[in-house]
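Below is one structure; the comments refer to it alone.
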Amino acid sequence: DTEVIVQFDANERLVVLNQGAVLFEVSHDPNRPFLVKTGSLTAEALGTVFEVRHNGGIARVGVSEGSVKVSYPLVLNNKPSGLIGNEVLHIGQKISATSHSGLSTVTSVNPERIGAWRQDMVFYQGATLSEVIADANRFSDTEITLEGIDDEMLNNKINVSFNLNDIDSMLFTLTKLYPVQLDYSDPYHIKIKQLGNN
């Protein structure tokens, strides 16, 4: 469930990621910069291997080789400004961005975990419930939705890992991390509901 648009020409190599996750292995060419755009975020490869993910309203970039320049509008008073913030990521570093908070601080990540979804694993550090469910929907045959979840729970950050071949275990684990219950009454739709909310 990943959507990309590729626009290569003599002056620029551009990939637009509408949603999902992509791992890039890029040769450096100063005459044809390699750019990935997703939402308001731009990642420019400086000769590298890196991933870009965009799910649940959060854009993430992680670097397993080389370095990547990440640009995103600065957020002032909870609104995007006309100014652009930049960070350069090196091997074993990652960053995220949302329209509400802008670029996060740069944090460390095991380079081997970059693109781990290709081996059916996902690792989260500071992920929201919305982001986790957006990823789950990319790999699930059954639609998963959040219903009656309050903002506090939606914005709560978790650190967790999942095997994407076992979505049911992934969802069960969420019931241990959050006060939620799973509704399997519709065979074509799994609902995650907050306990105490109707």
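The values are calculated or read from the model by the stated rules, or taken from the named source; none is laboratory data. Everything numeric here is computed off the predicted structure, so don't read it as measured data. Neighbour counts are summed over all protein chains in view; Cβ atoms, including those assigned to glycine, are modelled from backbone coordinates with ideal geometry. What goes into the accessible areas is simple: the full protein's heavy atoms, side chains included, and nothing from ligands, DNA or RNA. Shrake-Rupley method; radii C 1.70, N 1.55, O 1.52, S 1.80 Å.
Numbers at a glance
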read-out: Bins of 5 Å from zero: percent of alpha-carbon pairs in segment 81-145; value: 3, 13, 21, 20, 19, 13, 7, 3, 0
read-out: Accessible-area composition of segment 68-198, carbon plus sulfur, in percent [1.4 Å probe]; value: 47
read-out: Fraction of alpha-carbon pairs over 16 Å apart in segment 1-105 - percent; value: 54
read-out: Relative contact order (%) - criterion: Cα under 8 Å, at least six apart; region: the chain; value: 13
read-out: Fraction of antiparallel bridges per DSSP, the chain only, in percent to nearest 5; value: 85
read-out: Sum of -39500 (n - 2.57) over DSSP H runs of 4+, divided by residues of the chain (222 nm, nearest 500); value: -4000 deg cm²/dmol
read-out: Translational diffusion coefficient (Stokes-Einstein; Kirkwood radius from C-alpha pairs) of segment 4-60 at 25 °C, 0.890 mPa s, in µm²/s; value: 214
read-out: Rounded to the nearest 10 Å², the accessible area of residue 96 at probe 1.4 Å; value: 20
read-out: Degrees, to the nearest 10: 167-177 long Cα axis against longest axis of the chain; value: 80
read-out: Accessible surface, the chain, averaged per residue in Å² (probe 1.4 Å); value: 53
read-out: Check: the chain dipole with +1 on Lys, Arg Cβ and -1 on Asp, Glu Cβ, in debye; value: 540
read-out: Largest-first principal axis extents, alpha carbons of the chain, Å; value: 56, 39, 28
read-out: Surface accessible to a 1.4 Å probe, residue 99 within the full protein complex, Å²; value: 60
read-out: Under Karplus coefficients 6.51, -1.76 and 1.60, residue-wise ³J(HN,Hα) of segment 3-20 in Hz, glycine/proline x; value: 10, 10, 10, 9, 10, 9, 9, 5, 10, 7, 10, 10, 10, 9, 9, 7, 6, x
read-out: Most fluctuating residue given options 85, 20, 57, as computed from a GNM of the chain linking Cα atoms under 10 Å; value: 85
read-out: Cα gyration tensor shape of segment 102-191, rounded if a/c is under 1.5, else prolate or oblate by comparing a/b with b/c; value: oblate
read-out: Heavy atoms of residue 103 accessible to a 1.4 Å probe, total area in Å² rounded to 10; value: 40
read-out: Using alpha-carbon coordinates, inclination of helix 129-139 to the longest axis of the chain, degrees; value: 80
